[in-house]
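Accompanying notes for the structure given below.
The values are calculated or read from the model by the stated rules, or taken from the named source; none is laboratory data. Treat the numbers as computed from the prediction; the structure is a model and nothing was measured. Note: ideal-geometry Cβ built from the backbone for every residue, glycine included; neighbour counts use all protein chains shown. Accessible surface is based on the protein model in full, side chains and every heavy atom, while ligands, DNA and RNA are left aside. Shrake-Rupley method; radii C 1.70, N 1.55, O 1.52, S 1.80 Å.
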Amino acid sequence: MLENQDPATLKYVGKGALRAEGVEKMTGQAVYASDMVMPGMLYAQVKKSPHARAKILGIDVSKAEALPGVRAVLVGSELDYRLGLYVVDKDILAKGEVRHYGEAVAAVAADTLEIAKAAVDLIEVKYEVLPPILNHMDALKKDAPLVHPDLGTYDFVKAAFTPVPGTNIANLTKLRKGDVEKGFAESEWIIEREYTNPSVQHVPMETHVAIVQWKTGDDVTIWTSAQSPFTVRSLFCYAFKLPLNKVRVVIPHVGGGFGGKAGIHIEPLVACLSRKAGGAPVKFQATREEEFSLLPCRSALTYRIKTGVRSDGKIVAQKMSMYWDAGAYADYAVNVTRASGYSGAGPYEIPNAWLDAYTIYTNKPYGTAYRGFGHVEFFWGLERHMELVAQAIGMDSLEFRRKNALRPGSVTLTGEVISENSGNVLKCINEAAASIGYGSLSADEKAREKETGRKIGKGIAALHKAPAMPPFTATAVIIRMNSDGTVLVNLALTEIGQGSVTAYSQIVAERLKFRLDQVKVTVEKDTDRDPYDWQTVASKGIILTGNACILACDDLLKGAYETAGQILRAQSCDLDHDDTRVFVRHHPEQGVTFASIAVGYAYPDGNAIGGPLIGVGRYVAQGLSNLDKETGQGYPALDWTYGAHGIVVEVDPATGEFRILKIASIFDVGKAINPDLVRGQCIGGMVQGLGTAVCEGYIYDQEGHLLNPSFTDNKIPTSKDIPDEIDCAVVETPQLDGPYGARGVGEHPMISVAPALGNAIQHAVGAELLHMPIRAEDVWRAMRNSGPIDNWITKTPSGSCRSDPAARRHDPDHAITP
Amino acid sequence: MTRISLTVNGKRYERDVAENRTLLRFLREDLGLIGTKEGCGAGECGACTVLFDGLTVNSCMVLAVEADGRAVETIEGEAKDGKLSDLQEAFQKHHAVQCGFCTPGMIMSTRELLHRTPKPTVAEIKEGIEGNFCRCTGYQQIVEAVLDVSGQLEKKGELRHA
Amino acid sequence: MLHGFRYAAPRSRSELLDLLAEHGDHAKVLAGGTDLLVNIRGGNMKPGLVIDVKRVEGYGGLAWDPAEGLSLLPAATINDVLRDKRVRANFPLLAVCAQDLASYQIRNRATVIGNVVNASPCSDMAPALLCLGARAEIASARGSRSVLFSEFFTGVKKTVLAKDEILERIVVPASAAGTKGEYRKLKRINGHDLGIVGVAIARKNGSLRIAVSSAAPTPVLVAGLPGTASVDEAVAAVLAAVSPISDVRCTKEYRLFMIETFVRRLMEEMK
Ligand SMILES: Cc1cc2nc3c(=O)[nH]c(=O)nc-3n(C[C@H](O)[C@H](O)[C@H](O)COP(=O)(O)OP(=O)(O)OC[C@H]3O[C@@H](n4cnc5c(N)ncnc54)[C@H](O)[C@@H]3O)c2cc1C
Ligand code: FES
Ligand code: FES
């Protein structure tokens, strides 16, 4: 729905409107779920497993129940409901066996937080500790214990996923394009490497919180910090077999989500507590420590890539194996696997491709969606690989990227043909390179090297991502006109900081030709009031909801023109309007005000026509299809947003310590609806990507205890960690079906920051980095060609647990040529 | 329980508090001043930053009883007479807020920074807010807002159209 | 959420010492609380009584006596140290170490005494105090004693303090005034972080003292090196004194390498 409007005539789209809900946030008046208190509210606390895998032999809750002020105590054996987004594999409280450190085994609701905590401490759980399966590569072995022995009996979404019963494989996604063996036969060079990264935490500043009241008659209200109200509602109703109209989900301001709040998490448990406590509202808020292990994380990945390159530098074959560590439950991880599977070769054309992507159960906290949905993780490997392949074949890596980049006419992994309007990755790459002066050092940089003794290097990494969503993803927007001619916009895409409320206000004001201050998009979401939206995920909001906004505006105006036409005795085609009136185009003095027709027009004698003006816009993704389960062929992509980062880094060649001097981030956003908001996403996402790149990651001991579940040992970037210079730019190749040509960019800034940094460090000091995060020690080790330390499972707390190459050589399934 | 008397944003309060209540929970739960947030409860994130006798503290690391006889300032005292402060205006103008959860603490930290260093350098600004985590903005626009409010911003940060 | 305790805020030294004499076995002293409250929240400490020292008369701030030196009192915060001109003029190493401790708002509360009594191997103030030959003035209802910091730390989070004792005053001797010092701290990020290793070097009148944090169960002091010691000699002496481990923050090998690198670089810079 590109509105072919001359940019010069746009009043709001493309301009930097202020954040609509900014004032409320600035003053501390914005209310988040964590701030809410309900009359008669109880407080919940959870008893968590100290073991990664153990049989529950018995739970004694008698002391907890006897504590004054305790209103409900719950254990898993009382509950017979199972949850799961795509594979229904998770009990609300562990039953029989605990599957990860930090898993909930019992819960309490009490009059105060203090009583609830004391009660939880009084619950005694007897465990028989079992040997956990921690490394996902080990979990694939034939004799590995099964995390879910009953996998074969679970429900799952059959159109998209393939669990393998009798194994730890929650899903296997396959992709086949062309003939890889033939491609390898034509190749001059074949290069194979393995890249790894650990699980990480999203770290929204507001931890997960929910208040649930299960009233008599099964009327349930859920106030939650979730991202997707309708997903919470549908999964909740699925688990409890309730009709959708019995459950209301309300989402106030949300203190960050980043995918960690995309699905359903603590709401069902809190609901069961409320029901057991006789219907009082119950509140649970995760502590920061609980956020790390009771709640989900981002999956770890082992990515093996084998690339065949022709003598002219063109990639002709690529075999890719992704091993995703789901942790104990499949949650979003199976869909991360699917989405990464179909885009795993990046923005490059690979004529012959073969990809297998496994989602593997282990006894660790489970993975979920996280900004980038797999792309941050696999682009680490992919864009490091592009660098190493270029190096191996003796070609400049920028040239190598340009040579293989997707361009109009290229065919993607799934068989989609790229067009002029798909976005321009080449331009992004070139702009990033130009911005950092890729390829050489400036006089200043040379002087700086001399003065400091540190080495400066420059690296580039490209990226792409399409929304990972069902082909039939839909949304709707309702616009109601108030009797003063202002409008109220209801839609269920949640404002989690990305600025959607502001952007949609701009689109609505633009389309209606109203002033921005006439438009209010509600911040709070409510499934009883707002029209359906699938989920607040995937960077799909601007296209789907944006289009629905335009359609709702048109619908509203149609109604207004109908009423006005009757009053003015004119056909709709002869009417026009401004921000206050509908009028006859060739007799502008003949008109009626919106205010006079907003809730129905009354003639002087009291006769009335019209009725309240409401506009409805419905939009469903167009032209997408399920992917063939054997070949992965089909149309998964609503749109592709391309981008590239360029990084200038300064590295201490002795110690491996480094500092990022500059980053340039370029994205083809089609059209920046609000450049200031786009810049905010670019910088915020980039810095979050830097966290992943340099310091974040889960560290376990051999028993599967998480060793760093807090900010003390899981650092995130601070103000002192951002690059000295930040250049953010957009390319605008309009998306034909995007509102005003726009496409999504919420996740993309986080993708490929790590490989850009890794590539830059390699250019500076030659360190060949295969594992992220890149800590000073990793650079130091890589410079000495000694194996990296990694964050997966530590022998001594910092031993290594990468898939053991020696072991793999004996295992033909996982053999890797060194 | 111990009886304490203190001022918060210039208003006097007298309350009985449990000895183990943090200043953070006292402000939020006893006084209903929910603008001050909890991000970790362990002194790391700065979401709970308030001024304590004029100096920033992590209110999750202070006991309410310690506030007896003290003056506390929170985000609720920043806007006056229904008007945003200059600092808040600058945050709004430069999009220094996204989800907003870090914002109250961030504003309290920058407020004190500007008290002690009216014209902070970029390095001083970054140093001044290093104890305030923001997961959304990447800090750059916050730095720009502080530069602007202290009259030092040469050029508004902008998205380049390549 | 903190487990329950009683709270006392004595106004006088004798009141404080009496409280400690009576309740010492289940009481904890509260200064800035930035270690204590973290420990109570985490369930590592469950004191029945918390005794706030900040309201004791005469316990605030810093004092300077040209003959004796600098006194750091129980309520003296890290930022008090940083704001004090006499510190910068006479003991710059104290300021350098203080500047690297935690974040600004933590430094507004965290005290120097709390930092050393907490006795973490990664204490940032200990290296400065060790290098400057500072001593701890300790008091209890039983009497007073004075202990050099080189004797003060006895293990991970352990000191010579008895349960009824208070560290009343840190004295940085006047004889150390004018000591040149530098501190280098390895962190995981540029923002506030606990040290992975820290090395402080102090030089005065032909004497060289080196202190290292996060390299052994206690902060380590290498004293007695002649001012003329070569870089290699200094490195050898330091490496002989430290015994770093591998943990979630870093491996032993990299700690050793960085200790050596910091010693070499600081020795070169401070020639
Ligand atoms: C987020 C964060 C970051 C941190 N970063 C650093 C860092 O970078 N470097 C670093 O070194 N530390 C760091 N710390 C630890 C802490 O801030 C410091 O150790 C601080 O100096 C402790 O001082 P305090 O006054 O807060 O101590 P408190 O917590 O009040 O006390 C600490 C201990 O000393 C005892 N105590 C206090 N005063 C006395 C006294 N006069 N006599 C006897 N016993 C006493 C207490 O009972 C307690 O056991 C950090 C802490 C936090 C929360
Ligand atoms: S809540 Fe106080 S510092 Fe995080
Ligand atoms: S705006 Fe979300 S944490 Fe700062």
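Of the residues making up region A:47-68, those that are within 28 Å of the chain's Cα centre (by Cα) and either basic (Lys, Arg) or open to solvent by 10 Å² or more (accessible area, probe 1.4 Å) (or both) number 1.
Among the residues of region A:279-294, those identified as of a type in the set (A, V, I, L, M, F, W, C) and within 18 Å of residue C:1 (Cβ to Cβ) are A:282, A:284, A:286, A:292, A:294. Determine if region A:110-124 includes at least one residue that is buried (at least 24 other Cβ atoms within 10 Å of the Cβ), in contact with a Lys or Arg (Cβ under 7 Å, 6 or more places away or on another chain) and part of a strand (DSSP E or B). Scanning region A:110-124 turns up at least one residue that is buried (at least 24 other Cβ atoms within 10 Å of the Cβ), in contact with a Lys or Arg (Cβ under 7 Å, 6 or more places away or on another chain) and part of a strand (DSSP E or B). Evaluate region B:106-120: report whether one residue or more is buried (at least 24 other Cβ atoms within 10 Å of the Cβ), more than 13 Å from chain C (Cβ to nearest Cβ), in contact with a Ser or Thr (Cβ under 7 Å, 6 or more places away or on another chain) and not in a loop (DSSP other than H, G, I, E, B). Looking through region B:106-120, none of the residues is buried (at least 24 other Cβ atoms within 10 Å of the Cβ), more than 13 Å from chain C (Cβ to nearest Cβ), in contact with a Ser or Thr (Cβ under 7 Å, 6 or more places away or on another chain) and not in a loop (DSSP other than H, G, I, E, B). Can you name every residue in region A:125-138 that is of a type outside the set (A, V, I, L, M, F, W, C) and crowded, with 16+ Cβ neighbours inside 10 Å? Result: A:127, A:132, A:135, A:136, A:138.
Scanning region B:40-59 for residues that are more than 13 Å from the chain's Cα centre (by Cα) and near ligand 2 (Cβ under 7 Å from one of its atoms) returns B:40, B:41, B:42, B:43, B:44.
Inspection of region A:660-667 finds no residue satisfying the criterion of being in a loop (DSSP other than H, G, I, E, B) and open to solvent by less than 10 Å² (accessible area, probe 1.4 Å). So is residue A:591 at positive phi, open to solvent by less than 80 Å² (accessible area, probe 1.4 Å) and at pLDDT 95 or above or not? No; evaluated as a whole, the condition is false for this residue. Check region B:74-96 and report whether any residue there is within 16 Å of ligand 1 (Cβ to nearest atom) and either assigned to a helix (DSSP H, G or I) or modelled with pLDDT of 95 or more (or both). Within region B:74-96, not a single residue is within 16 Å of ligand 1 (Cβ to nearest atom) and either assigned to a helix (DSSP H, G or I) or modelled with pLDDT of 95 or more (or both).
Can you tell me which residue in region C:5-31 is farthest from ligand 3 (Cβ to nearest atom), limited to those that are assigned to a loop (DSSP other than H, G, I, E, B) and at the interface with another protein chain (Cβ under 8 Å from one of its Cβ atoms)? Restricting to residues being assigned to a loop (DSSP other than H, G, I, E, B) and at the interface with another protein chain (Cβ under 8 Å from one of its Cβ atoms), the top hit is C:9. Is it true that some residue in region B:26-43 is within 22 Å of residue C:110 (Cβ to Cβ), away from chain A (no Cβ under 12 Å) and outside any loop (DSSP other than H, G, I, E, B)? There is at least one residue in region B:26-43 that is within 22 Å of residue C:110 (Cβ to Cβ), away from chain A (no Cβ under 12 Å) and outside any loop (DSSP other than H, G, I, E, B). List pairs: first residue in region A:189-205 and on the phi > 0 side of the Ramachandran plot, second residue open to solvent by less than 10 Å² (accessible area, probe 1.4 Å) and β-branched (Val, Ile, Thr) anywhere in the structure, Cβ distance under 9 angstrom, at least six positions apart or on different chains. What qualifies is A:203/A:716.
Scanning region A:253-270 for residues that are in contact with a Lys or Arg (Cβ under 9 Å, 6 or more places away or on another chain) and either surrounded by fewer than 20 Cβ atoms within 10 Å (Cβ to Cβ) or assigned to a helix (DSSP H, G or I) (or both) returns a single hit, A:270.
Candidates are the residues of region C:52-82 that are over 22 Å from residue B:63 (Cβ atoms) and among the hydrophobic types (A, V, I, L, M, F, W, C); the one that is surrounded by the most Cβ atoms within 10 Å (Cβ to Cβ) is C:72.
Within region A:214-263, restricting attention to residues that are under 22 Å from residue A:688 (Cβ atoms) and of a type in the set (S, T, N, Q), the residue that is farthest from ligand 2 (Cβ to nearest atom) is A:228. In region B:131-153, which residues are without any contact (Cβ under 8 Å) to a residue 40 or more places away in the chain, within 14 Å of ligand 3 (Cβ to nearest atom) and not basic (Lys, Arg)? Across region B:131-153, the qualifying residues are B:134, B:136, B:138, B:139, B:140, B:143. One residue is enough: does region C:126-142 have a residue meeting the conditions within 14 Å of another protein chain (Cβ to nearest Cβ) and of a type in the set (Val, Ile, Thr)? Scanning region C:126-142 turns up no residue that is within 14 Å of another protein chain (Cβ to nearest Cβ) and of a type in the set (Val, Ile, Thr). Residue check: residue A:711 meets all listed conditions (1) at the interface with another protein chain (Cβ under 7 Å from one of its Cβ atoms); (2) closer than 30 Å to residue A:508 by Cβ; (3) among the aromatic types (Phe, Trp, Tyr) but one, namely (2).
Each residue in region B:136-161 was checked for being within 14 Å of chain C (Cβ to nearest Cβ) and open to solvent by 10 Å² or more (accessible area, probe 1.4 Å), and 0 of them qualify.
Among the residues making up region A:708-724, those that are within 23 Å of residue A:779 (Cα to Cα), assigned to a loop (DSSP other than H, G, I, E, B) and open to solvent by 20 Å² or more (accessible area, probe 1.4 Å) are A:712, A:713, A:724.
Just for region B:61-81: of the residues that are facing another protein chain (nearest Cβ under 10 Å) and open to solvent by 10 Å² or more (accessible area, probe 1.4 Å), which one is nearest to residue C:32 (Cα to Cα)? Looking at the filtered set, the residue picked out is B:68.
Checked against the criterion of being in contact with a strand residue (DSSP E or B) (Cβ under 8 Å, 6 or more places away or on another chain), assigned to a helix (DSSP H, G or I) and open to solvent by 10 Å² or more (accessible area, probe 1.4 Å), region A:685-702 contains not a single residue that satisfies it. Checked across region A:45-66, the condition of being part of a loop (DSSP other than H, G, I, E, B), within 14 Å of chain B (Cβ to nearest Cβ) and either in contact (Cβ under 8 Å) with a residue 40 or more places away in the chain or of a type outside the set (Val, Ile, Thr) (or both) holds for no residue.
Residues in region B:96-108 that are over 14 Å from residue A:31 (Cα atoms) and near ligand 3 (Cβ under 10 Å from one of its atoms): B:96, B:97, B:98, B:105, B:106. Selection within region A:725-761: residues that are among the hydroxyl-bearing types (Ser, Thr, Tyr) and outside any helix (DSSP H, G or I). The member of this set that is farthest from residue A:419 (Cα to Cα) is A:752. Note on region C:115-140: among residues that are of a type outside the set (S, T, N, Q) and assigned to a loop (DSSP other than H, G, I, E, B), the one that is surrounded by the fewest Cβ atoms within 10 Å (Cβ to Cβ) is C:122. The residue pairs whose first member lies in region C:81-101 and is closer than 14 Å to residue C:66 by Cα and outside the structural domain of residue C:199 (by TED's automatic domain parsing), whose second member is more than 16 Å from ligand 3 (Cβ to nearest atom) and open to solvent by 40 Å² or more (accessible area, probe 1.4 Å), and whose beta carbons are closer than 6 Å, counting only pairs six or more residues apart or on different chains, are C:86/C:64.
Among the residues of this structure, residue A:141 does not count as one that is open to solvent by 30 Å² or more (accessible area, probe 1.4 Å) and part of a strand (DSSP E or B).
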